[in-house]
Amino acid sequence: MTLHFPRSCLHCETPACVTVCPTGASFKRAEDGIVLVDEAKCIGCKLCSWACPYGAREYSEVEGVMKKCTLCIDRIYNEHLPEAEREPACVQVCPTRARHFGDLGDPESKVSKLVAERGGVALMPELGYAPVNRYLPPRPRRAGPPPGSEPAPPAEALDTAALPPVLRWLDRVLSR
């Protein structure tokens, strides 16, 4: 089975990118453990990119500095946003709700319970960087109708005669 997953920063407990940075531009915030890049200090040497085993760093040719996921700290700590919207943009816009955000350090949080329930795993824990993100195994595929059986009729039939001409044409094209 092939699995596809994002390669965003895992905000490791012991991030290799921070230890190799010659200027201190890569750093880990003490208050929440978020790993960031101070672009004013970054010289674009790419050592952090080479040190990160997860491929989470990107070099900006335009700005000459390294870029990475910030967990949208401007959103998650923005007190002007409703509590429900204080999550990274990738979580908020994910159309399949495959991404989740929360405090894994709190065993009573929704995300901790989800990780425990679904058996979430750290990516390459044997490397010793202790990534904070967890990946959930794929959900079982939904069972479809048995092979050779007729699909169930739709609950409500579409009256194509009542559609505007453009939609009638589109329905005919898509129904082929």
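The values are calculated or read from the model by the stated rules, or taken from the named source; none is laboratory data. All figures in this text were calculated on a predicted structure; none of them were measured in a lab. Quick reminder, even Gly has a Cβ in these numbers, built from the backbone with ideal geometry, and neighbours come from all protein chains shown. Note: accessible area is taken over every heavy atom of the protein model, side chains too, but ligands, DNA and RNA are not part of it. Shrake-Rupley method; radii C 1.70, N 1.55, O 1.52, S 1.80 Å.
Summary of values
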quantity: Close pairs from segment 82-104: first among the aromatic types (Phe, Trp, Tyr), partner in a helix (DSSP H, G or I), Cβ under 6 Å, at least 6 apart; calculated: PHE101/VAL91
quantity: Some residue of segment 109-128 being in contact with a Pro (Cβ under 9 Å, 6 or more places away or on another chain), of a type outside the set (A, V, I, L, M), part of a loop (DSSP other than H, G, I, E, B) and under 14 Å from LEU71 (Cα atoms); calculated: no
quantity: Test: residue in segment 133-150 that is at pLDDT 90 or above, open to solvent by 90 Å² or more (accessible area, probe 1.4 Å), under 30 Å from HIS11 (Cα atoms) and outside any loop (DSSP other than H, G, I, E, B); calculated: no
quantity: Which listed residue is touching a helix residue (DSSP H, G or I) at 6+ places or on another chain (Cβ under 6 Å) and within 27 Å of ARG139 (Cα to Cα), from GLY102, GLY55; calculated: GLY102
quantity: Residue check for GLU61: surrounded by 12 or more Cβ atoms within 10 Å (Cβ to Cβ) and of a type in the set (Asp, Glu); calculated: no
